[in-house]
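Peer 1: Let me give you the structure first, and then I'll get to my questions.
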Amino acid sequence: MSALRLFYLILAVSASIHAITYNVTVPTEWWQTNVMYEIWIESFKDSDGNGKGDLNGIKSKLDHFVDMGVTCIWLPPIYETPMVDSGYDISNFIAVNSLYGTLDDFDALVTAAHKLGLKVIIDFVPNHTSDEHEWFVKAKQGIEPYYSYYVWNKGVYYGDYLSYPNNWLDAFNDGTVWEWVDEREAYYLHQFSVHEVDLNWRNPFVMTEMKNVLTFWLDRNVDGFRIDAVPYYVESSTLENETRSDKDVDSTNYFYLNHTQTKDQPENYPIVQEWKEHINNYTVSKGNDKVRFICTEGYSDIDYVMKWYDYGDDFPFNLNFIRDGDIANEAVLDTAEDIYGIYVKWLDNMPSGKTANWVLGNHDFSRIATRIGLYRTDGFHMSVLLMPGVFTMFNGDELGMTDTYLTWEETIDHFACSTTNTTYSLISRDPWRTPYQWDNTTSAGFSTNSTPFLKVNPNYLTVNLATEKEADFSHYKNIQQAIALRNTTVWREGTVDVELIEDQVVGIARQLDGEEPIVVLINWENSTVTVDLDNYFDGLPDELSLKIADIYSGLSAKIGDTYSKSSIELPEYGSMVLLGTTSA
Ligand code: GLC
């Protein structure tokens, strides 16, 4: 295991500067410097012309990751599935979704990726199985041990009237978590879709089964796992009702209740720890020192999220730029202070010696460019990429892809299809799952089929990889350059200092003795501002040179120019990466 250095905090206070400088955990293992790239398989690249993405499609595009500087790809569920929830509803954990290819295709993809020096992480989805999984089919027939793999309840009688055991609601807004099965005269529990049946994590047989699943994929040489929905594994055994939240929503809406009984239960944590130990034991049993990592997905308040670090998790996803702590609250990214606050919240709360994580987008929520506007997107990416730790990126965000408008008829997300033609757009996840925009040919180069599974964003004629690679300045090129700076010693080992400047700029400085510093400045507002870095950062050289700039503010014409640190003018929404002058 790695000898992680301690992460600690120095409070440097001087007459004019009230800066907090954080020392970073110096990376010693490959995953700690990762840009981890989420590939939405269905929409990434179609190899056989059926209008849906597949594993061979990904294999044909591996050069893209090398070109961008991405070191690790994350594949969402690749397993056999009825596709009710885009593959998160798994009917066989050890078989490949036939829409995506075969197990041989998967092996070939992993081998090809490894040859190029890329790591491959897969989704592990242990909260539930599909209702079509063989275990559940047998459970419904009352066959043990499978019946006890799930959470059942006989319900409660009020006189002659049988009702659910409590008021718990599922996260997909279908209403109760309890679904009646006539054959068993009992309800089963589902925290997500009614077709995603919760496993009973109080049953040790379930742990054994799922460890076997991990082993199966470890044998296929994966480099780690993204672990799905960690706050939901165990529910309170008292079955107490949940209390009413302060949200003004319909009574079947998930946010109607405070999820004190169904989320973030203490029993969840040791479960993940056991998987990590299983993975470590596997490595030892193979007599090699291959390093794998795990990371976890959970939208919860910061204390619950940070606790994962103490239970074998290499890092929990930092989803605070997407939701404000709990999943019920949208992240507020309106001001520079909001952004600054989220950075500092993570750094202040992360335990010693751990690796940070930053996420701007994923397959569950609106694209970052849509949420904050394209003008701010470059700067935001530069800032997260130059913070210490792992950056987790959603495919297409490197191009400035935006959400696609889809009509009710075009909508396929089950989550939205269970609503109405007036409300679907509030919850549909299709708008950010549309095909990747490779070029300006048929279906944006995603497929030879002109009617892909979801329509292509009409902006593909200008927003696409080929065009952005040809342009002198583009979102893609900026991201590529920012990723390249992660190979510097100052990025790996330098301190990090995040500042709120003039109430409208977020400033980040990475510094290390003997190395040229990296400074990122992002002006979050639509007004010009001049900043004096001396008021905010200690130890910067007098002059800095402009290395990367956003593509809209006009700053890109000034690449290579030298700036005095005491007077840097940032146009509206302008963002810059500046380097010490000798390294520019
Ligand atoms: C996670 C996935 C989401 C899925 C849910 C249920 O939150 O990211 O897409 O619907 O788990 O598996």
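The values are calculated or read from the model by the stated rules, or taken from the named source; none is laboratory data. Please read all numbers here as calculations on a predicted model, not as lab measurements. Quick reminder, even Gly has a Cβ in these numbers, built from the backbone with ideal geometry, and neighbours come from all protein chains shown. These accessible areas exclude ligands, DNA and RNA; they are computed on the full protein's heavy atoms, side chains included. Shrake-Rupley method; radii C 1.70, N 1.55, O 1.52, S 1.80 Å.
Peer 1: Give Gly49, Gly57 a once-over and let me know the one that is out of contact with any strand residue (DSSP E or B) (no Cβ under 8 Å at 6 or more places or on another chain) and over 17 Å from Thr434 (Cβ atoms).
Peer 2: Answer to the check: Gly49.
Peer 1: Turning to a different aspect of this structure: Checking the condition of a type outside the set (Ser, Thr, Tyr) and at pLDDT below 95, which residue from Ile427, Ile479 passes?
Peer 2: Just one listed residue meets the conditions, Ile427.
Peer 1: Still on this structure, please answer the following. So, in the stretch 328-363, exactly how many residues are closer than 21 Å to Phe394 by Cα, open to solvent by less than 30 Å² (accessible area, probe 1.4 Å) and either out of contact with any Cys (no Cβ under 9 Å at 6 or more places or on another chain) or not in a strand (DSSP E or B) (or both)?
Peer 2: 14
Peer 1: Would you point out which residue out of Glu235, Glu267 is surrounded by 21 or more Cβ atoms within 10 Å (Cβ to Cβ), touching a residue at least 40 places away in the same chain (Cβ under 8 Å) and out of contact with any His (no Cβ under 7 Å at 6 or more places or on another chain)?
Peer 2: Glu235
Peer 1: Here's something else I'd like to know. With over 27 Å from Gly554 (Cα atoms) and either touching a helix residue (DSSP H, G or I) at 6+ places or on another chain (Cβ under 8 Å) or among the basic types (Lys, Arg) (or both) as the only criterion, which of Asp397, Asp348, Asp310 stands out?
Peer 2: So the residue among Asp397, Asp348, Asp310 that is over 27 Å from Gly554 (Cα atoms) and either touching a helix residue (DSSP H, G or I) at 6+ places or on another chain (Cβ under 8 Å) or among the basic types (Lys, Arg) (or both) is Asp310.
Peer 1: Kindly indicate whether any position in the stretch 389-404 is open to solvent by 10 Å² or more (accessible area, probe 1.4 Å) and in contact with a Pro (Cβ under 8 Å, 6 or more places away or on another chain).
Peer 2: Checked against the condition, which is being open to solvent by 10 Å² or more (accessible area, probe 1.4 Å) and in contact with a Pro (Cβ under 8 Å, 6 or more places away or on another chain), the stretch 389-404 yields at least one hit.
Peer 1: Here is a list: Val230, Val197, Val305, Val213. Which entry is over 24 Å from Tyr37 (Cα atoms), open to solvent by less than 30 Å² (accessible area, probe 1.4 Å), among the β-branched types (Val, Ile, Thr) and within 16 Å of the ligand (Cβ to nearest atom)?
Peer 2: Every option except Val197 fails the conditions.
Peer 1: Suppose the filter is of a type in the set (A, V, I, L, M), closer than 28 Å to Gly396 by Cα and out of contact with any Phe, Trp or Tyr (no Cβ under 6 Å at 6 or more places or on another chain); does Val531 pass it?
Peer 2: The answer is no for Val531.
Peer 1: Quick check on Asn459: is it surrounded by fewer than 20 Cβ atoms within 10 Å (Cβ to Cβ) and in contact (Cβ under 8 Å) with a residue 60 or more places away in the chain?
Peer 2: So Asn459 does not fit the description; no.
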